[in-house]
Each structure stands twice: as structure tokens, then as C-alpha cells.
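Heads up: the structure comes next, in C-alpha cells.
The values are calculated or read from the model by the stated rules, or taken from the named source; none is laboratory data. Keep in mind that what you see is a predicted model, and the values were worked out from it rather than measured. Using ideal geometry, Cβ is built from the backbone for each residue, glycine included, and neighbour counts are taken over all protein chains shown.
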Amino acid sequence: MLGNALSCFAAQLDLSRLTGTVPPDVDYAELYSTIQQRLQSVPGTTPDVFQLLEKKQIHLPVPDDPAYAIASMSEPITVFLFDIEGTTTPLPFVRQTMIPLADARVETYMTTHFPANPAFVDLLTAAAHPQSSPVAKRQTTGWKAFSDALSASEARDWKDAAANEVTRNEFCALFHDEVKKGSSHPTIKAVQAAIWAEVFAEGKLQSQVFPDVNTFFRYAGGPAMAEKTRIALYSTGSIAAQKLLMGHTPYGDLNPFITAYFDPILVGTKLMPKSYMKIRILLAEQLDLSPEDMRIVFVTDNTSEASAAETSGAIQSSILCVRPLNDWITFDTMASINVPYVMSFTQLMQRECVVDMVKLVRDTRECLMKQGAS
């Protein structure tokens, strides 16, 4: 697998050069030369993702390929489990558009919905009292201040305008702090999704996915392939947020092509191997299959997540997704996880697919330029 790791790192290096994001401590010319020399020293040819997965008895869906049709007739169903940020969706779109958007609108959302919306009040109450709910498990200074303010509002039956204003202010301060820290707290994620839902409903925002995502989802998640392949999502974002993102793409609503959704509230974090065991059990139940009659391929841009999935024993293979503008991965890290990689989902549908990196970068930039939020 050394050749695979070298090839993956070379792809990342080329994409970084094309996007102008080569790390400042990396000498592109020197590193490129070293990688090419090492690739030439590896015996044989570097296997593509098809060959690597076939060694694990996983046959990727190839349209109009008689060999695939025959091989897949008696094979277990394959579920493609996709991460979102940096895998189906350009990483900067989430970080530079979606997250700042929610951060900028949380005060307006709080003014509108607290305490007027009972369901929203229930969400905040569950978060403020972690001893009675798994939704919030820690009490930092910010959480304590918010919890105390909410308790004061509740004690006044939500009718004291001054107390409610303090609660709104404390939650907004907490929200901004958690977002700044990159928090994955379920309550923060839920409020982000609620804000995005309003913006999407106003027609002021369109989500973005790579063009190859649309093509692959419509094929592998379409009715003609229902007995062979399925699509599922697993993200740190809430299930509600996942459905919003996939429901408002430039290609229309992609949710009809997705069988299942998973988030940390439902199964645990993506860094815990046991989360993938839960996913396997839940997928088997949903598809009415024995767990042995199903293969799961997990596609992510995060090496730690790929490693956790591999360790779990619940996933037949992880695939590292190397996209333009993703976070830099060191060669040692790539070599340590020992999994196949793709730059485009087209590589999951075509043998020996050669990815046009210039077009891939152009498509990524077009995604980021298409629509901003007002």
C-alpha cells in the first residue's frame, strides 16, 4: 500500500498547488520530486480504488458494465456511508458560509423564538440541565451562566421580559463562544440547523455539493440500484442539517437518493469505533437485512475518522476523500491509515478513472462563488 499512500499524497500536493494552499513550510518542487522518485521505486503499478476494494470483495457500481452486473448478483448490498464537510461539500462552504451565517443570525432567532416557541424552549431547557438529559454533559462558565439565566426565566413562568432578555443574551454569548471553539455540542448544532432552515425557506441560500456527488447519488442511490447499493450520511452536523444541505443543492433535492442519516446524537462521534457498530446495526434493521448481508464503505476526508471506522470492524473499507481546499494531511498520516483514496466520486463509477484536477479545482471554486447568503 506504499504506492497508494504516495499516490494519495501526490494528488493532495497537486491540488494544493492548483489552489495556492501549499503549506508555507513545504517546498513544493522538492517534495514533488521526492514523491515521484519514491513512486518510481515502488514495484508494479499503483492499484486504483476498484482493485483495492475488490481485494476486500467489494465491487463498485459501474454503469452498463456486464462484469459488475454478474459479480453483484449474489453479492451483499453495499452501503456507501458519506461524510459531508470536505467530502460531498467543499469544506470552505461550511466553514465560511454556513457556520458564520448562523453565528450572525442567532440574536434574531432568539428574539423570535424564545420564549414564544415551546419546542425551542424545551431544547434549551434540556441543554441547561445536563443531569436530566444526555444532550449537554458539561457545565463550563458559559453554560453555567446560561443555565442560571434560563432557570430564572422558568421560575417566572417565561413571563418576565427582563429575565427572558438576560437568558437570550447569555445563550447568544454562549453560542458565539461555542462556534468560535468549533463546538460539536448537539444543542449548538440543533440551533444552527434551525437558523439554516429559516434561511433556506426564505430562498436566500443554496447549499453546495460537488458535481460528481449529484451524479453518484442519483445512480447508486436510485431505484434501479436499490438491491445493490444504497447511500447514507454520517456527519457531526445534526440529521436536520444534513437533510437541509442535501435538500437545497443546485441539482435539486438529493434526499430521495439517501437511505439513512446518522449524527453524534444517534450513534456517537465519528472518532469512536463503537459508533460504526451502531450504524451497522441500525442500517441492517432499516434495510431488513442480516448484518452479514451488507457491506459498508465509509468515505471521509478525515484520517482519524477513517482509522476509527477501520478499527471498528463494522466497516468493510474506509476511503479517504482528497478534495481541493481540504485540510493538509501529512504523508506519515496517510501511510499509517492504509486505505484507498478518491478525489472525485466518478472514481467510484469508472475503472482507471483519470481525474482532471484543473476541472476539479474549477468546479470547487464555482461551488463557492455560486451563492452567498443575504
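Strands (runs of 3 or more DSSP E) fully within region 228-346 that include at least 1 residues being touching an Asp or Glu at 6+ places or on another chain (Cβ under 7 Å): 229-234, 294-300, 317-321.
Restricting region 21-55 to residues that are of a type in the set (S, T, N, Q) and in a loop (DSSP other than H, G, I, E, B) leaves a set whose member that is surrounded by the most Cβ atoms within 10 Å (Cβ to Cβ) is 46. How many residues are of a type in the set (Asp, Glu) and farther than 13 Å from residue 192 by Cα if we restrict to region 91-128? Number satisfying all stated conditions: 1. Filtering region 13-32 for residues that are among the polar types (S, T, N, Q) and either more than 27 Å from the chain's Cα centre (by Cα) or under 18 Å from residue 347 (Cα atoms) (or both) leaves an empty set.
Of all residue pairs spaced 6 or more apart or on separate chains, those with beta-carbon atoms under 9 Å, a first member in region 10-35 that is of a type in the set (Phe, Trp, Tyr) and a second member that is part of a helix (DSSP H, G or I) and modelled with pLDDT of 95 or more are 28/13; 28/16; 28/17; 32/10; 32/13; 32/14; 32/17.
A Cβ distance below 8 Å, combined with a sequence gap of six or more or placement on separate chains, defines the contacts here; from region 238-258, residues that are aromatic (Phe, Trp, Tyr) reach residues that are assigned to a loop (DSSP other than H, G, I, E, B) in the pairs 251/209; 257/221; 257/222.
Taken over region 314-325, the criterion of being closer than 20 Å to residue 49 by Cα, in contact (Cβ under 8 Å) with a residue 40 or more places away in the chain and out of contact with any Lys or Arg (no Cβ under 7 Å at 6 or more places or on another chain) is satisfied by 315, 319, 320, 321, 322, 323, 324. Any chance region 25-48 includes a residue that's closer than 22 Å to residue 212 by Cα and touching a Phe, Trp or Tyr at 6+ places or on another chain (Cβ under 9 Å)? There is no residue in region 25-48 that is closer than 22 Å to residue 212 by Cα and touching a Phe, Trp or Tyr at 6+ places or on another chain (Cβ under 9 Å). Restricting the search to region 288-305, which residues are without any contact (Cβ under 8 Å) to a residue 12 or more places away in the chain and acidic (Asp, Glu)? Selection gives 288 alone.
Within region 285-330, count every residue that is of a type in the set (Phe, Trp, Tyr) and out of contact with any helix residue (DSSP H, G or I) (no Cβ under 6 Å at 6 or more places or on another chain).
Pass one, region 285-330, residues of a type in the set (Phe, Trp, Tyr): 298, 328.
From what's left, out of contact with any helix residue (DSSP H, G or I) (no Cβ under 6 Å at 6 or more places or on another chain): 328.
Count: 1.
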